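In what follows, a structure is listed as structure tokens, so that the remarks can point back to it.
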Amino acid sequence: MSNQASFENMAKLDERLRHIAFIMDGNGRWAKNRGMPRTAGHRAGAKTFQKIAKYCADRGLRAMTVYAFSTENWKRPKEEIDAIMDLLEQYLNESEKALKEYSISVRVIGDITALRPSLQQKINALQKRTEGNDMILNIAINYGARMELCHACEQLIGRGVTKVTEEDISNALYTAGCPDPDMIVRTGGDYRISNFLLWQAAYAELYFTDVLWPDLTEQDVEKAIQAFYSRSRRYGGV
Ligand code: IPE
Ligand code: IPE
Ligand code: MG
């Protein structure tokens, strides 16, 4: 769906919807339903992620964030963690052409120092090579919102700050410079945030769908976008 003409009948994205963040949940269940190992679900999920990122770029979204691996996901079996890291590394190896074609700028949010060195090095290189492209794509890896807030506090303390504004905190987060998410979409049928973007989500619209992440289609994203435009965001006003 890289043809702009196919979006003619769809609601035009405007300043109200600049950033969608996705909690990509349900890979394991998708695989289990098919009698396949969980890692096969992650492989299918990685494909879906690439499809959805292209769609969001085509749609003219300014920023997209995906939750790929949380600070809590280290609790999983080593084989599963290794498979997820392998998929991330494979994506970093192979995505440059598509990122250029769709003008996507990659930013990894999270503590990458805990990742294998080859992954860290590829993240840093790809971030540099895609800097300044149109759509920001935040990939949350070893990300936890509470850890991010602790990290931000340490940054501020390190600067000797004694008075803290909301702006100071926003600017000390991994997402500094990126508009807050207007909508958070969680697939997989659970109704929770799981330590994702707690600060940035203060006024995000929340959208939950039972669709398992590997099954998510462009039409499903479109449904979420329609739902977003049908809501009234009052920000505490009347
Ligand atoms: C989300 O899918 C991907 C990661 C958390 C890495 P899950 O692996 O959590 O899939 P379910 O929730 O077990 O189905
Ligand atoms: C959230 O999914 C994290 C990611 C999608 C990376 P989880 O599957 O880890 O969340 P819980 O355990 O259901 O809260
Ligand atoms: Mg899950």
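The values are calculated or read from the model by the stated rules, or taken from the named source; none is laboratory data. In this text, all values refer to a predicted model and were calculated from it rather than measured experimentally. Heads up, the Cβs are rebuilt from the backbone with ideal geometry, glycines too, and the neighbour counts pull from every protein chain shown.
Some points to look at:
- The residue of segment 98-154 that is farthest from A63 (Cα to Cα), among those that are in a helix (DSSP H, G or I) and charged (D, E, K, R), is E154.
- Qualifying residue in segment 193-206 (condition: outside any loop (DSSP other than H, G, I, E, B), closer than 27 Å to E94 by Cα and within 16 Å of ligand 3 (Cβ to nearest atom)): no
Each row is one residue, and each column tells you yes or no for (1) within 23 Å of N133 (Cβ to Cβ); (2) within 15 Å of ligand 2 (Cβ to nearest atom); (3) among the small types (G, A, S); (4) modelled with pLDDT under 95.
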{"site": "M1", "(1), (2), (3), (4)": "yes, no, no, yes"}
{"site": "N9", "(1), (2), (3), (4)": "no, no, no, yes"}
{"site": "I20", "(1), (2), (3), (4)": "yes, yes, no, no"}
{"site": "R34", "(1), (2), (3), (4)": "no, no, no, no"}
{"site": "R59", "(1), (2), (3), (4)": "yes, no, no, no"}
{"site": "T65", "(1), (2), (3), (4)": "yes, yes, no, no"}
{"site": "E80", "(1), (2), (3), (4)": "no, yes, no, no"}
{"site": "L88", "(1), (2), (3), (4)": "yes, yes, no, no"}
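- The set of residues in segment 174-209 being away from ligand 2 (no atom under 14 Å from the Cβ), charged (D, E, K, R) and free of Cβ contacts under 8 Å to residues at least 40 places away in the same chain consists of E205 alone.
- In segment 220-233, the residues that are in contact (Cβ under 8 Å) with a residue 12 or more places away in the chain form Cβ pairs under 7 Å with partners that are of a type outside the set (A, V, I, L, M, F, W, C) and part of a helix (DSSP H, G or I), at six or more places apart or across chains, as follows: V221/Y55.
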